[in-house]
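Report on one structure; see the data block that follows.
The values are calculated or read from the model by the stated rules, or taken from the named source; none is laboratory data. No experiment lies behind these values; they were computed from the predicted model shown. For neighbour counting, all protein chains shown are included, and Cβ atoms are generated from backbone atoms with ideal geometry for every residue, glycine included.
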Amino acid sequence: MATPLTADQIEQVIAAGYPRSKKSNIDNVWQAFNDEYNYWIVNFENFLYFIKTFKTISEPSECPSKASAYAHAVYFEVSDTKQRPLNCDAIFDCMYNRKVGWNISWDEAFSSLDGLNEKKGAPYYWHNIMKDPFSDCSWSLNACQALVRAYNNCLRVQDNSYKRLTSLGSNYYFFSGNKTSKPGEIQLGDFYFRPEF
């Protein structure tokens, strides 16, 4: 169990961008961050950077970086699923497959996700969950873990050290939340992955 944040640290977290209205749930986010980084390597300054990455924004241009936008979009994809952290890893692996298999940029790979696809329009493109993920996730440790996982994966993308995290084969480029599998699809977490669209 993570050491609880002090009152002063909580105020620093709020100043970094965590919504004051969700203050009572801040321990879930702190616990998820500690779980992902195994307690002993957790640094409060790194936690503040995580908070700043997902602070509430009103426009996509306020997002701190492209890699951060990827994390926002992946969290949006998994926000209403059951196995959120696994789903998060699987989607990142799917995007990695696109990047490597199709020889495209990360930006091109992630641009088809609902939250980053301008053609999808409202309410999908930069959905409110993407603009304020802490208000969506703070009530659930599982959701907080997915947000931290998305953050961790986006750091790997940013420093070009991303490696596949799941058993998803390298030829799976698409995913959906269909409830029944179709020929050629495999299920990983709550999603079905397939080689072709």
Fill in: Filtered residues of region 139-168 (kept if touching a Pro at 6+ places or on another chain (Cβ under 8 Å) and either free of Cβ contacts under 8 Å to residues at least 60 places away in the same chain or polar (S, T, N, Q) (or both))
Asn142, Gln145
Practice prompt. Scan region 15-27 and report the pairs whose first residue is among the charged types (D, E, K, R) and whose second residue is part of a loop (DSSP other than H, G, I, E, B) and buried (at least 18 other Cβ atoms within 10 Å of the Cβ), with Cβ atoms within less than 7 Å and a gap of 6+ or a chain change.
Written response: Lys22/Ser138
Practice prompt. Filter region 157-172 down to residues that are more than 12 Å from Gln187 (Cα to Cα) and over 18 Å from the mean Cα position of the chain (by Cα), then give me how many there are.
Written response: 2
Discussion item. Being over 15 Å from Gly115 (Cα atoms) and modelled with pLDDT under 95: is that true of Gln12 here?
Written reply: no
Discussion item. One residue is enough: does region 100-113 have a residue meeting the conditions within 14 Å of the chain's Cα centre (by Cα), aliphatic (A, V, I, L, M) and in a helix (DSSP H, G or I)?
Written reply: no
Worksheet item: If you go through region 50-77 one residue at a time, how many are over 15 Å from the mean Cα position of the chain (by Cα) and either assigned to a loop (DSSP other than H, G, I, E, B) or touching a residue at least 24 places away in the same chain (Cβ under 8 Å) (or both)?
Response: 4
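Conditions tested, residue by residue: (1) of a type outside the set (Val, Ile, Thr); (2) in contact with a Lys or Arg (Cβ under 8 Å, 6 or more places away or on another chain); (3) more than 24 Å from Glu59 (Cβ to Cβ).
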residue	(1), (2), (3)
Gln83	yes, no, yes
Met95	yes, no, no
Lys99	yes, no, yes
Ser105	yes, yes, no
Ser135	yes, yes, no
Leu141	yes, no, yes
Tyr151	yes, no, no
Cys154	yes, no, no
Ser161	yes, no, yes
Practice prompt. Quick one: which residue in Glu62, Glu36 is farther than 21 Å from Leu188 by Cβ and at pLDDT below 95?
Written response: Glu62
Worksheet item: Do you know which of the residues in region 142-174 that are assigned to a helix (DSSP H, G or I) and of a type in the set (Lys, Arg) is surrounded by the fewest Cβ atoms within 10 Å (Cβ to Cβ)?
Response: Arg156
Worksheet entry | Criterion (under 27 Å from Ala2 (Cα atoms) and either in contact with a Phe, Trp or Tyr (Cβ under 8 Å, 6 or more places away or on another chain) or of a type in the set (A, V, I, L, M) (or both)) met by exactly one of Tyr151, Tyr172 | Tyr151
Fill in: Only one of Asp80, Asp93, Asp132, Asp190 that is acidic (Asp, Glu) and either in contact with a strand residue (DSSP E or B) (Cβ under 6 Å, 6 or more places away or on another chain) or without any contact (Cβ under 8 Å) to a residue 60 or more places away in the chain (or both)
Asp80
Practice prompt. Taking the options Lys55, Lys120, Lys82, name whichever one is out of contact with any Ser or Thr (no Cβ under 9 Å at 6 or more places or on another chain), over 24 Å from Asn28 (Cβ atoms) and either of a type in the set (A, V, I, L, M, F, W, C) or at pLDDT below 95 (or both).
Written response: Lys120
